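Only the coordinates and a few stated rules stand behind these numbers; no lab work does. Note that this is a predicted model, so its numbers are computed, not measured. Because the Cβ atoms are built from the backbone with ideal geometry, glycine has one as well, and the counts that use them run over all protein chains shown.
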C-alpha cells in the first residue's frame, strides 16, 4: 500500500498518444516505477480515442487508491498570460488576474475557467494565468466521470511541459519547448520573468513531411512570440527543448535546428529521477523516455516538485475520501482502543471505588474501638487478678521470714552473757499489694546491754531484710529491764 | 483494502458494543460508587470526630497483652493450688476423731461450732479440715480459741475466701511449725496469714539458746484466710 501523496501517476492524453509515468517520492529522491504509451491518434474521434486510451491505461496499470492521478486537461483554445505584479495578498492577486484576463479576453466569466500560479518574489511576483473554455473543461470532466475514469486533479499540459524542462535543466534563461505529438503540439515559451503556453492543433500526423512540420512549427513559434510576449523585451531562447513523439526520431530535431537555428535538446536520460534496473511496469522502451515530458511534468506536479503547478479541477471526491481511509482507519483503531481503554478504566475505577472505604468502615472503626476498650478492661481485670494472686503468693515468704528473723536474733542472744535479754513478742504483718510486709520484734533487755545492743541488733538483721529500724530503749513492763523494738521490712 | 476496512469496522464495532454493554454501565456504576464513597467518607469523618481510631496492630497488641496476663494469672493460680505431692484432706468427722485437743473434745462448744461452720459451706468445711489436720500434725500445740471472720483482705475472682482467727499455745518449734503451715502453695484451700503474733508466756523462763526457745510455752495468735477455687459455671456470665 502506498502512503498517500508519495506515489503519483502523471497521465497525458492530449496529443494523440497517451503517455503515463508512475513516480514515487522517497524522501528527497524520485523513483520511476513504470511508464506507459498508448497511441490513439488513428481513432476517428480523438476525444473518444483519448477516453478509450485512458480506460485501457487504467485497466492495465490499475493505480491504487493512494496513488495520486494527475491528468492533463486538453488545452485547445486556452489562453496563457504572465503578469508581473507587486507583492500583495493572494485574494487581491486573484481579483487582479480575473479582472485582467476577462478584460483582455472580452469573455463572460462564467464561460472560462481561470486559474493562476504565483511565483513569489521579494518586491514583485510573477502570476502565470491560464483561461480554459469552461464548456470544454466541463465536457472533459463529464466524460471522465461517465467512463468512471479516476483522477485527482487536472493540470494544464503546457505548465507540465515547462515544469519538466525546469526540473531536468534549470537554467533561468529564455528557452523554447515544443511537445510535438501525433495530433497536437504544446508550445512553451519560458523566460526568467514569465511563462507562456500555446496549444497548436498541429502534429506529426497532420503534415506529409518532417521538414514541412518544422517549418510550420517555426512559423507558429514566431507568431506566438509576437502575440504572447510583451513587446518591451526581446525573447532570445538559448535552445529548443523537444519532447513527445516528435523527439523520438532525429529527423524533426535536424529540421528544427535548420529552420530555427537553435540547438535542440532532447532528454533521453532523466536527471534526478532514479530508474531502477530491471523490468518496470508498463509497455515502454528506454528510447521512449524522450517523449514523456508532459507526463513527467504532470507527475512532478502531483508530487509537489513542479515549478509551475496550476491545478485546474480537483478530482473525484470518492478518491479523496478513500485516500483518507488510512487516517480514518487509524483514527477508528485508536478510537476502538480508546473505547476498550475507557471500558477497562471504568471497570477498574468502579472496583477501586467500591473497594475504597468498603463496608461499614465507621461502624467497624467504632466496633474496633469498643473492642479495644473491652480488651483494655479485660486486660486490667487480668492484671488485677494476676496481682491479687501474686499478693497472695507473696504471703508465703513473709510467714517464713519469722524463722529467719529468729535465727538472726539467736546470734545476738548467744552473745549476751549473763545479762537478761528476752524476746517478748513477734508481730507479723504480711505485705499486701503495694505494701511490703513488716516484722516487729519486741525485746526486753538488761540495761547493761544498752551500750551496744542497738548496733548488734542492727548488724544482725542488715543484709537479710530490706530495712532495719531498731528502737529503744524504753521502759519495759518489768522495770528492771529496758524495752527494745526491731522493725524489719520484709523483702 | 476491503479486508482492512472490514477488520477496522469489526474492531470499532466490537469496541462500541463493548463500551455500550460494559463500559457505559461501568461508568454509571463508578459515578454511583463515587457518590457512595463520598457518603462513606462523610460518615467516616463524622465518626472520627467522636472516636479516636485504634489500629488493628494496637488492638492485636492489646489482645496479646491480655492473653499474656491471663496466662500469667493461670500459672500463678496453678502454682498456688498445686497439690500433687500432698495427701488428700481427711473428712471433718475423721479429723475430729483423730484430734486429741482438749478444746475439741466431745461436747466442747468449739467442736460444735466447727461442725456447725462446716455445714455452712464447702469452703468453711475444707478450711476447718485443713486447720484440724495441721493442728494434729504439730505435737504440743493446744488450740485455745478459734473464731470465724466475716471478711477477707483479698478479693480474688478465682477464689471464694473465708477468714479465721485462732490462738494456739505451744512450744516455740511447734507453733512456728504450725505458723509455717499456714502459707500458700500447699494445695486447696489456699491458706495465708494476714497477721500473726508470737508472745512468750513466761518471760522469766526465757532460755539463752535458740534450741532452748522451746522451753517456755508460746502463745500464737494468727489471723488467716482460706481460699477455695470457685466452681466453673458452664455458660455463666
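Data table
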item	result
Centroid-to-centroid separation of region A:267-319 and region A:402-459 [C-alpha atoms, Å]	134 Å
Test item: B:144-156 mean partner chain Cβ contacts at 10 Å	2
Cβ crowding within 10 Å averaged over residues, with A:154-161, A:354-361 ranked highest first	A:154-161, A:354-361
Protection-proxy order for peptides A:305-312, A:444-451, each taking the mean of Cβ atoms within 10 Å per residue, highest first	A:305-312, A:444-451
Ranked B:50, A:56, criterion: other C-beta atoms within 10 Å, fewest first	B:50, A:56
Estimated FRET transfer efficiency (residue A:107, residue A:233; beta-carbon r; R0 30 Å; 0.05)	0.65
Spin-label pair residue A:458/residue B:149, simplified geometry with 7 Å Cα→Cβ offset, distance in nm	3.5 nm
At R0 = 30 Å, FRET efficiency that the Cβ-Cβ distance of residue A:220 and residue A:55 yields, to 0.05	0.40
Projected area, mean over directions - chain A, Cα convex hull, nm²	53.5 nm²
Average beta carbon contacts from partner chains per residue of B:39-46, 10 Å cutoff	3
Estimated FRET transfer efficiency when R0 is 30 angstrom, pair residue B:49-residue A:381 (beta carbons, to 0.05)	0.50
For residues of A:73-80, the mean tally of beta carbons on other chains within 10 Å	0
Mean residue ellipticity (222 nm) of chain A, computed from DSSP H runs ≥ 4 via -39,500 (n - 2.57), nearest 500	-13500 deg cm²/dmol
Value of [θ]222 nm, deg cm²/dmol, for chain B, DSSP H segments ≥ 4, -39500 (n - 2.57) each, nearest 500	-16000 deg cm²/dmol
Between region A:136-195 and region B:143-197, the alpha-carbon center distance in angstrom	135 Å
Cα centroid of region A:12-75 to Cα centroid of region B:82-138, whole Å	135 Å
